[in-house]
1. What is the distance in Å between the Cα centroid of segment 162-202 and that of segment 1-64?
2. Helix-only estimate, please: 222 nm mean residue ellipticity of the chain, summing -39500 (n - 2.57) across DSSP H runs of length 4 or more and dividing by its residues, to the nearest 500.
3. Starting from the alpha-carbon convex hull of the chain, give the projected area averaged over all orientations, in nm².
4. How about segment 1-73: which chymotrypsin sites (Phe, Trp or Tyr not before Pro) there lie in a loop by DSSP and see at most 15 other Cβ atoms within 10 Å?
5. Calculate how steeply helix 176-191 sits against the longest principal axis of the alpha-carbon atoms of the chain, using the helix alpha-carbon long axis, and give the answer as 0 to 90 degrees to the nearest 10.
6. If exposed GluC sites (Glu not before Pro) are those in a DSSP loop with at most 16 other Cβ within 10 Å, what is the longest stretch of the chain that has none?
7. What chymotrypsin sites (Phe, Trp or Tyr not before Pro) does segment 114-202 have in DSSP loop regions with at most 15 other beta carbons within 10 Å?
8. Just to be sure I follow the definition: excluding the sites themselves, where is the longest run in the chain that has none of the trypsin sites (Lys or Arg not before Pro) in a DSSP loop with at most 14 other Cβ atoms within 10 Å?
Amino acid sequence: MTSPSPGRFAGHFEYGKPVAAPEGGIPYWDVFPYDGDVSVRALDAPVIPEPPRGGEGDRPCGECARDDEGYVWTDEHWRLDAGAGGDSLLNFMLTPRAHHDLGDLPADLVVGMGTTIQRVEAAIMGLGDIARVHVNRWGDGGSHLHWWFFARPEGLLQLRGTCLPLWGDVLPALPKETWDAAMTSVASHMTTTGGRPGGPVV
Ligand SMILES: [Zn+2]
């Protein structure tokens, strides 16, 4: 059943009315990729309960449906995927092999997750020409836990921080040979401490 009433952390917002752009807000930061005047969308009314994410209710989980083909690297518990060739910035996604979200991840996987995240960052940094790897977990689309890794190219200070994925949306694609070589290198780096390179992309 849908309730129009927002929860107590959102009851102070106005819905359906234009939101004033704050002076000095993110659109005015030098890391924001867009220029010119921007306006803020009106806030939609809350949807409670929220619709199921992928892998919840009767919605299938796309992650569970995949075999290891096309992954960059896999081991017994974890699989490392990457964005599509054609992306402008290197980005990777780490998922547990079994269907878990962060809240129900078994304790042994929680422990291994920290080590694996650290290994993924090291593998990406090992490519060289990367200044930072940003690690994010959102999970609004799919219920299968997935950690994002966004690599910021060295020297591109304008791409620092939370706007990095927005820049990834607007910049031109990496050359395919550069992308492919990076995938091979990351897989090789990961495999030195366990697991195996993923299968070929079909
Ligand atoms: Zn799943």
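Every number here is computed from the coordinates shown, using simple stated rules; none is lab data. These numbers were taken from a predicted model, which means no experiment stands behind them. Virtual Cβ from ideal backbone geometry, glycine too; neighbours counted across all protein chains shown.
1. One Cα centre to the other: 30 Å.
2. Roughly -6500 deg cm²/dmol at 222 nm, from the helical runs in the chain.
3. Seen from a random direction, the Cα hull of the chain projects 14.1 nm² on average.
4. Values: sites: PHE9, PHE13, TYR15, TYR28, TRP29, TYR34, TYR71, TRP73; in loops: PHE9, PHE13, TYR15, TRP29, TYR34, TYR71.
Here the sparse-neighbourhood loop sites are PHE9, PHE13, TYR15, TRP29, TYR34.
5. 70 degrees
6. It works out to 77-153.
7. Working: sites: TRP138, TRP147, TRP148, PHE149, PHE150, TRP167, TRP179; in loops: TRP138.
Those satisfying the criteria are TRP138.
8. Numbers: sites that count: ARG8, ARG41, ARG66, ARG137.
The segment 67-136 is the longest one with no such site.
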